[in-house]
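A short worksheet on the structure shown next.
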Amino acid sequence: MDNIIECNNLTHYYGNRCIYKDLNFEVKRGSILGLLGKNGTGKTTTINILNGYLKPTAGNCKIFGENSQRLSADTKRRIGFLLEGHIQYGFMNVTQIEKFFKPFYPGWKSDAYFELMNKLKIAPRQKISTMSCGQRSQVALGLILAQDPELMILDDFSMGLDPGYRRLFIEYLKEWASSQNKTIFTTSHIIQDMEILIDDCMIMDYGKLLISMPTQEFLNSFREFKCTVDKNNIELEKNNLIRNYEVQHGKLSIYSFGKQDEITQYINNLGINHGDITESKLSLEDAFIGLTGKY
C-alpha cells in the first residue's frame, strides 16, 4: 500500500460555517506531510477526523485502507496520535509514566523513550505536573516513539519548546522517521520548523485548499516580485498568475508561481507605472504568508 492516508471529498461544517469542502489528499508511505494554515482553517478538525473523534459532514478518510471512523484495534496499534494539549497523568514521573504505558504495546521500545528524555535533559524522577508545556509535549512524543508506530499523527508537536530544543527534536524526529521508514502527518504553527522537517506541504485557507505539493517544489517555484509604484491604491485581480499581492509605501509585492517576464507583461498591460522588477526566493514561512496574506 503506497498511500497510508487517503482523504476523499472531505467536507465539514460547524453549524452553517463551512470549514472546507471536497478536500482530497493522500500521504504516501515513508513521507512527512505538513498541514499549514491560519487559525480556524481546519487543521485540528482534520486531525480529529483522522483520529475518529469527529465525523465529517461528508466524504471519508482511510488509514491503512480502513475508514478512520471505524479503525480496528490492530490498525490503531500502528498509529501514534498526539493531540494539542498533551493531556497526561500529572502525578507520575518520567519513569512511572513509561512503565504505565509499556504493557499496552507489545512492540514497546523503552530505549527510544529514554534516549529522547536524555537528549532533552528531562530527569527520570521529574514529575509531569512540575514540567513546562514544552517538556510535557516531549514526554508525550517520547511515549509515542516508544510505541514504534508506522504512522504518527501530530497536532502542534513543538508547542512550548524553546528554539534550541525544537531544533534538536526536529532533527531527531526526521532522522528517526527516515531510518525507520515511518510516515508522519503533522501540523505546527511554527513554520520554520516545518521547513526543516516536512517532505510535502498542504496550505489551507478558509474553506479551501490553496496548494498541495512537495515542499522543495513549492519553494523552488513560488516567488515574490517587487517594484516601486507611483500610487498605493492599486487593486489587482487574484488569479492563477497573481496568487496574492500587497502595496505599501509605494512598493508593490506580488506573489506568484509565474515567471518575471509574465509579471512584467501583466503589470504593463494594466498601465501601472513601475520601477525595475526584482525576483526573490522565499523561506517557507515567507512563502506561506505571501500565499495566505498577513491578516
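The values are calculated or read from the model by the stated rules, or taken from the named source; none is laboratory data. Quick caveat: nothing in here was measured; it's all calculated off a predicted structure. Neighbour counts run over all protein chains shown; Cβ positions are idealised from the backbone, glycine included. Only protein heavy atoms, including side chains, enter the accessible area calculation; ligands, DNA and RNA are left aside. Shrake-Rupley method; radii C 1.70, N 1.55, O 1.52, S 1.80 Å.
In a reduced charge model with +1 at each Lys and Arg Cβ and -1 at each Asp and Glu Cβ, segment 11-81 shows a dipole moment near 120 debye about its Cα centre. For segment 250-295, a crude dipole built from +1 on the beta carbon of Lys and Arg and -1 on the beta carbon of Asp and Glu, taken about the Cα centre, is about 120 debye to the nearest 20. Shown in residue order for segment 111-118 are the 3J(HN,Hα) couplings computed by the Karplus curve 6.51 cos²θ - 1.76 cosθ + 1.60 at θ = phi - 60°: 4, 5, 5, 6, 5, 5, 4, 5 Hz (x for Gly and Pro).
Near the amide H of Asn3, within less than 5 Å, lie the amide hydrogens of Arg29, all on another chain or at least 5 residues away, with H placed in the peptide plane. The loop-placed trypsin sites (Lys or Arg not before Pro) in segment 105-207, going by DSSP, that have at most 10 neighbouring Cβ atoms within 10 Å of their Cβ come out as Lys121, Arg125. Over all distinct Cα-Cα pairs of the chain, the Kirkwood formula returns a hydrodynamic radius of 21.0 Å.
Note that segment 220-295 presents 60 Å² accessible area per residue, ligands and nucleic acids not counted, probe 1.4 Å.
Shape index of segment 103-252: Rg/Rh, with Rg the Cα radius of gyration and Rh the Kirkwood radius from the inverse mean 1/r over Cα pairs, equals 1.12. For segment 151-280, lysine pairs with C-alpha atoms less than 28 angstrom apart, excluding pairs fewer than eight positions apart on the same chain, total 12. Here is the size of segment 194-276 from its Cα atoms: Rg then Dmax, 14.5, 43 Å. Of the GluC sites (Glu not before Pro) found in segment 209-268, those that fall in a DSSP loop while having at most 16 other beta-carbon atoms within 10 Å are Glu235, Glu237.
Its DSSP H runs of at least 4 residues, each contributing -39,500 (n - 2.57), put the calculated 222 nm mean residue ellipticity of the chain at -9500 deg cm²/dmol, to the nearest 500.
Toward the positive end of the charge dipole of the chain, with +1 on the Cβ of Lys and Arg and -1 on the Cβ of Asp and Glu, the farthest Cα among Thr130, Asn3, Thr45 is that of Thr130. So what's the angle, to the nearest 10 degrees on a 0 to 90 scale, between helix 163-180 and the longest Cα principal axis of the chain? So the helix axis and the longest Cα principal axis differ by about 70 degrees. Between the listed residues Met92, Gly59, Asn233, the Cα displaced farthest toward the positive end of the dipole of the chain, a dipole computed from Cβ unit charges relative to the Cα centre, is found at Met92. For the chain, the Cβ-based charge dipole about the Cα centre amounts to some 1060 debye (Lys, Arg positive; Asp, Glu negative; other atoms uncharged).
Counting only protein heavy atoms and a 1.4 Å probe, tell me what percentage of segment 125-219's accessible area is made up of carbon and sulfur.
Numbers: 1690 of 3600 Å².
Exposed carbon and sulfur together represent 47 percent of the surface.
As I understand it, the value is the acute angle between the Cα axis of helix 133-147 and the longest principal axis of the Cα atoms of the chain; what does it come to in degrees, rounded to 10? Rounded to the nearest ten degrees, it is 70.
With an 8 Å Cα cut-off and a minimum separation of 6 or more residues, compute the relative contact order for segment 186-295 in percent.
RCO, segment 186-295: 30 percent.
Each residue of segment 285-295 was assigned a 3J(HN,Hα) from its phi angle through the Karplus curve 6.51 cos²θ - 1.76 cosθ + 1.60 (θ = phi - 60°); the sequence is 5, 5, 5, 4, 5, x, 6, 9, x, 6, 10 Hz, with glycine and proline shown as x.
Amide H contacts of Gly80: Leu151, Met152, Ile153, each under 5 Å away and 5 or more positions distant or on a separate chain (H built 1.01 Å from N in the peptide plane; Pro and chain starts excluded). Between the alpha-carbon centres of segment 221-275 and segment 144-164 there is a gap of 40 Å.
Distances between placed amide hydrogens fall under 5 Å for Tyr13 paired with Ile19, Thr57, all partners being 5 or more residues away or on another chain.
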